[in-house]
Amino acid sequence: MDDLPDLTLGIEEEYLLVDAATGDLSDAPDALMQACKAELSDQVSPEFLRCQIEIGTPVAADITEARAQLATLRRAISRHAGEFGLAPISVACHPSADWREQGRTDKERYHRLSHQMRGMARRMLICGMHVHVGLPDAATRIDLMNQFSYFLPHLLALSASSPFWQGEDTGLASYRTTVFGGYPRTGLPPHFTSWHEFERASQTLTDLGIIKDSSEIWWDLRPSARFPTLETRICDACPRLSDTITMAALIQTTLRMLLRLSRRNQRWRQYDNFLIGENRWRALRYGLSEGLIDFGAGRIQPFTQIAEDWLAMIAEDADRLNCQPAAARVRDIVALGNSSDRQRAIFNAAVTAGASRDEAHRAVVMHLIEEFGADL
């Protein structure tokens, strides 16, 4: 037996609310939020735009518990939304909605962000998925943040779900990533030599009044400001529950693998953000189709090989965490495509069958509604 910590899990998802008949975005009625709050308490909250809703699981001991918690939350949101003729979709961008037409949530924090970010804030019609992994030791969180950054592009490619923006095919797999990139303090996290160096840097901005606290540091991966966790934030929102759980399983097991290596005085080689950033670009542009750079091997690897190599590296940890089935689903994602691939296929099939562009976009939304509840 080893002496590694339990690596508990917490998952946050952001959903869009759409009219169940038309697929158009719809603001959340106050009564809907009240009903959700009454049942789910602080596990549900409004988001920046009124057409958005955010959920967060309680702390889960393992991936099985996290899946059960997330399924309960998805079912509850879907049930309450249905009472108002609405449906939730878990997707990074609505395929055709116009951000100019969306109302903002009346909340002090969002008013302040809107004032600071101006035009960038108004375009934030995007949804992501965040995974918290419990790491009680602060120094360990920084050490693993430096190493785990290598895997962030891989997670983005697998989760990409935003090919469309305002009715146009962007040619990207994750347009959400480019929208959020307009904010400051986003993208790949810098390398820090210690927890104290991270604290000094974030405290400098806090003391100057630039940020309220470190929760306004929005890197793809960060030490959480509220919990003793490392928070992975790079993923697009995943339409299917099973895909969300696969992302969480890969994150949890990979962090455990890195922690296990550290107990043996070994570590993952750290690459400059210049190089990791190139893979990040490939992920948001191509998704799974063009592979990523294996810097150790010095070549571009297809995702079929990446998936097998990754699963081999984390096999011991997946066994210990009982994550094998969830992690192994990465093979299905690679073989069948991510959400971006599925959305394009549905849109193109509808157009080929004679549908108008508006009808094809509606077909995509109906598909996303179905995927939201397909594996609950």
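What Kirkwood Rh does region 112-171 have if only Cα atoms enter the pairwise 1/r average? Answer in Å.
For region 112-171, the Kirkwood estimate is 15.0 Å.
Classify region 113-248 as rounded, prolate or oblate from the Cα gyration tensor: take a ≥ b ≥ c as the square roots of its eigenvalues, call it rounded if a/c is under 1.5, otherwise prolate when a/b beats b/c and oblate if not.
Note, shape of region 113-248 comes out oblate.
Taking each pair of distinct Cα atoms in region 296-338 once, what is the resulting Kirkwood hydrodynamic radius in Å?
Computed over region 296-338, the radius equals 11.1 Å.
If you split all Cα-Cα distances of region 41-121 into 5 Å bins from zero, what percentages do you get per bin, shortest first?
3, 12, 18, 21, 18, 14, 10, 4, 0
Round to the nearest 10 and give me the degree value, 0 to 90, for the angle of helix 30-40's Cα axis relative to the longest principal axis of the chain.
The angle comes out near 40 degrees.
Which trypsin sites (Lys or Arg not before Pro) from region 245-297 combine a DSSP loop assignment with at most 12 other Cβ atoms within 10 Å?
Arg264, Arg269
Suppose the chain between Glu316 and Ala349 were pulled fully straight at 0.36 nm per residue; how much longer would it get relative to their current alpha carbon spacing?
Contour length minus Cα-Cα distance gives 7.7 nm.
Given the C-alpha centroids of region 343-376 and region 265-305, what is the distance between them in whole angstrom?
31 Å
Extent of the chain along each principal axis, from alpha carbon coordinates, in Å, largest to smallest?
That works out to 58, 48, 36 Å along the principal axes.
For region 230-328, which GluC sites (Glu not before Pro) are both in a DSSP coil and crowded by at most 15 other Cβ atoms within 10 Å?
Answer by residue number: Glu290.
Write down Rg/Rh for region 264-376, rounded to two decimals, with Rg from the C-alpha atoms and Rh from the Kirkwood relation over Cα pairs.
For region 264-376, the value is 1.08.
For Arg122, put the label point 7 Å out on the Cα→Cβ axis and report which residues of region 34-60 keep their amide N under 19 Å from it.
Only 48-52 pass the distance filter.
Per-residue counts of other Cβ atoms within 10 Å, averaged by peptide: what ranking do you get for 338-345, 204-211, highest first?
In descending order of packing, they fall as 338-345, 204-211.
Hull surface divided by four, with the convex hull built on the Cα atoms of region 1-160: how many nm²?
Projected area, direction-averaged: 11.7 nm².
Strictly greater than 29 Å: what percent of every Cα pair in region 169-322 meets that?
Value for region 169-322: 24 percent of Cα pairs lie more than 29 Å apart.
So what is the relative contact order for the chain, in percent, with contacts set as C-alpha pairs under 8 Å and at least six apart?
That works out to 21 percent.
Relative to the longest principal Cα axis of the chain, at what angle does helix 357-372 sit, 0 to 90 degrees, rounded to 10?
Roughly 50 degrees between the two axes.
Rounding to the nearest 10 and keeping the result within 0 to 90°, find how far the Cα-based axis of helix 303-313 lies from the longest principal axis of the chain.
Taking Cα atoms only, the helix is inclined about 50 degrees.
Taken together, the values in this text are just the output of simple stated rules run on the coordinates, not laboratory data. Worth saying up front: this structure is predicted, and the values here are computed from it rather than measured. Cβ atoms come from the backbone with ideal geometry, glycine included; neighbour counts cover every protein chain shown.
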